[in-house]
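Quick note: the coordinates plus some simple rules give every number you see, no bench work behind them. Fair warning: this is a prediction, and the values are worked out from it, not measured in the lab. Note that each Cβ is placed from the backbone with ideal geometry, even for glycine, and that neighbours are counted across all protein chains shown.
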Amino acid sequence: MDLELPMVFKYHVFACFTKRPAGHPRGSCMERNAQPLWDRLTQKLEAKQLPDVNMSASGCLSFCRAGPLMVVYPEGIWYHPETPEDIDEIVESHFVGGKPVERLIIIPQR
């Protein structure tokens with residue numbers, strides 16, 4: 001039996017919350033100051049009342065040296081935000097306006 005479920009979210013954001021011990025050779029997004037960025041993202045999404053954008057905390061996204069990292073589906077766009085202003089731009093341009101922020105997009109490489 002095929003069960004078709006409606007798409008609930010226009011965008012689903014996975015943000016890496018992995019934290020490894022200081023000095024770990026792979027590093028981690030939380031070690032690279034991700035927490036304030038993800039807090040900002042949560043606040044912005046709530047303030048903008050964007051019910052079609054969902055953020056989920058993820059484990060390691062496997063490209064630790066490039067962190068902090070987030071990936072946006074369904075497009076599969078990887079972002080490397082570094083400042084609160086980067087988060088603001090992603091929310092306004094991508095999630096509100098539908099236009100990805102090219103300068104913050106990365107191509108993940110191991």
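For VAL8 paired with SER93, estimate the spin-label separation in nm (one decimal), with each label point 7 Å from Cα along the Cα-to-Cβ line.
Taking the two extended label points, one gets 2.9 nm.
Whose amide H sits under 5 Å from the amide H of ILE77, counting only residues 5 or more places off or on another chain, with H placed in the peptide plane?
Long-range HN contacts for ILE77: VAL72.
Fewest to most neighbouring Cβ within 10 Å: what's the order for SER28, SER56?
Ordered from fewest to most neighbouring Cβ atoms within 10 Å, SER28, SER56 come out as SER56, SER28.
Quick check on the exposure proxy: order GLU31, GLU102 from fewest to most C-beta atoms within 10 angstrom. Let's see the in-between values first.
Values: GLU31 18, GLU102 8.
Result, fewest neighbours first: GLU102, GLU31.
Let me check against my output: what whole-number percent is the relative contact order of the chain, with C-alpha pairs under 8 Å and at least 6 apart? Intermediate results must be reported in sequence, preceding the final value.
Numbers: 162 pairs, mean separation 33.1, N = 110.
Averaging sequence separation for qualifying contacts and normalising by length gives 30 percent for the chain.
How about the chain: what cysteines have no other cysteine beta carbon under 4.7 Å from their own?
By the Cβ distance rule, which asks for a partner under 4.7 Å, the isolated cysteines are CYS60, CYS64.
Taking the Cβ of each residue in CYS29, CYS64 as the centre, tally the other Cβ atoms inside 10 Å and list the residues starting with the fewest.
On the way: CYS29 27, CYS64 21.
Ordered from fewest to most neighbouring Cβ atoms within 10 Å, CYS29, CYS64 come out as CYS64, CYS29.
Please list, in order along the range 86-101, the HN-Hα scalar couplings obtained from phi with the Karplus expression 6.51 cos²θ - 1.76 cosθ + 1.60 (θ = phi - 60°), rounded to whole Hz, x for Gly and Pro.
Calculated HN-Hα couplings, in order: 4, 4, 4, 5, 4, 4, 5, 6, 7, 7, 8, x, x, 10, x, 8 Hz.
Enumerate the lysines that LYS10 could reach by cross-link, defined here as Cα to Cα under 21 Å, with residues fewer than 8 away along the same chain left out.
By straight Cα distance, LYS10 reaches LYS44, LYS48, LYS99.
Percent antiparallel among DSSP beta bridges with both residues in the chain, to the nearest 5?
Values: 8 of 14 bridges.
Counting only bridges with both partners in the chain, antiparallel ones make up about 55 percent.
Where does helix 34-48 land angle-wise versus the long Cα axis of the chain, in degrees 0 to 90, nearest 10?
Value to nearest ten degrees: 20.
Could you work out how far apart the two model spin labels at GLN49 and ILE105 are, taking each label as a point 7 Å from the Cα in the direction of the beta carbon, and quote it in nm?
Taking the simple label geometry, GLN49 and ILE105 are separated by 3.1 nm.
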